[in-house]
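Working notes, structure below.
Coordinate-derived values only; no laboratory data. No experiment lies behind these values; they were computed from the predicted model shown. Neighbour counts are summed over all protein chains in view; Cβ atoms, including those assigned to glycine, are modelled from backbone coordinates with ideal geometry.
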Amino acid sequence: MNQSRQGLKSTIASIAFFAATMSPLAFAQDDAPPPWLDVVRVQVKNGMGLDFEDRIRELQAVRRDAGLPALEIFQVVRGQPNEYHLVTPVTSLAEQNGPAELMSPGENATWMGRITSTVDSARFLYAITYPQHNVEAPAGGAQPELLLLRTSRVVLGKEAEYEAWITNQYMPAFRQTKPLGHIMARGVFGDDVSTYYHAQPIANWAAFDAGDQLLAVLGQRRTEQLLDGLDGVVASSELIVARIRYDLMGAE
């Protein structure tokens with residue numbers, strides 16, 4: 001096994017999978033989850049994090065007054081510094097034909113001027129979810145503190161093979177690890193369509209010390225056999241850890 005292949009397998013095996021960006025609040029819902037995720041990845045200027053968060057609180061208050069659900073907010077803590085992910089589950093893209101006017105034109109201009117002064121860059125994308133691969137949080141458990149976000153960049157033309165591997169090989173094994181949740185999505189508009197995301201809530205940093213749960217369930221030999229299915233399919237993988245900002249979601 002060459003070094004790059006071994007590195008890819010070790011990375012994948014060590015984390016038991018991840019978004020970008022997905023919603024731990026949705027894992028416990030009984031109804032069918034929305035098929036789309038509206039994702040904004042924001043790079044905040046150094047020293048402007050608290051100002052940015054104040055603008056988010058203002059936006060959340062306006063959404064709450066309008067009867068809209070709160071944006072789901074994640075702050076990257078291992079990955080690109082000063083990065084936030086803002087996620088909104090969307091039932092239909094037709095909703096974008098006439099988005100709600102949450103502020104008057106003057107109020108909106110003022111708010112936009114204040115928040116853009118805190119931002120270096122932003123990326124807007126829609127990702128489509130795979131509800132068949134959702135794993136719901138166990139009932140009655142404590143809220144997870146972290147989200148493990150894995151980005152898999154699949155070789156162009158190998159998307160069907162990757163999805164079949166997830167369905168037939170990975171998810172049956174992954175479910176045996178009794179995770180706190182899982183959502184899978186694929187970038188569509190504003191993204192590379194060969195990019196897949198997996199989001200897994202993690203109880204806290206101490207949970208990582210328990211080691212690779214997939215390896216514990218399957219053993220070394222079966223894990224290697226499972227991951228052989230990714231050879232020539234996944235070009236690269238990226239892992240980040242984000243803090244779930246319940247305080248910015250009005251969930252505390």
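Between rounded, prolate and oblate, where does the range 197-245 land on the alpha carbon gyration tensor, with a ≥ b ≥ c its root eigenvalues, rounded for a/c under 1.5, else prolate if a/b exceeds b/c?
Oblate, since a/c reaches 1.5 and b/c is not below a/b.
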ask   = Toward the positive end of the charge dipole of the chain, about the Cα centre and with charges on Cβ (Lys, Arg +1; Asp, Glu -1), which of Thr129, Ala160, Thr223 goes farthest?
value = Thr223
ask   = Taking the alpha-carbon centroid of each part, what is the distance from the range 157-201 to the range 70-133 in angstrom?
value = 23
request  = Rounded, prolate or oblate: pick one for the range 41-139, where a ≥ b ≥ c are the square roots of the eigenvalues of its C-alpha gyration tensor, a/c under 1.5 means rounded, and failing that, prolate if a/b is larger than b/c, else oblate.
outcome  = oblate
query = Per-residue HN-Hα couplings for the range 147-159, Karplus 6.51 cos²θ - 1.76 cosθ + 1.60 at θ = phi - 60°, whole Hz, x for Gly and Pro?
reply = 10, 8, 10, 10, 10, 10, 9, 8, 4, 4, x, 9, 4
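Using only the Cα atoms of the range 112-223, build the gyration tensor, take square roots of its eigenvalues as a ≥ b ≥ c, and label the shape rounded, prolate or oblate: rounded if a/c is under 1.5, else prolate if a/b is larger than b/c, else oblate.
Oblate, since a/c reaches 1.5 and b/c is not below a/b.
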key: Derived scalar couplings ³J(HN,Hα) [the range 81-96; Karplus, 6.51 cos²θ - 1.76 cosθ + 1.60; whole Hz; x for Gly, Pro]   = x, 6, 10, 10, 10, 10, 10, 10, x, 10, 6, 8, 5, 4, 4, 7
Assigned charges on the beta-carbon of Lys, Arg, Asp, Glu; the chain dipole about Cα centre (debye) = 600
ask   = How do the peptides 42-52, 143-153 rank, highest first, by the average count of neighbouring beta carbon atoms within 10 Å per residue?
value = 143-153, 42-52
key: Amide H partners (placed H, <5 Å) of Ala235, local residues excluded   = Arg153, Val154, Val155
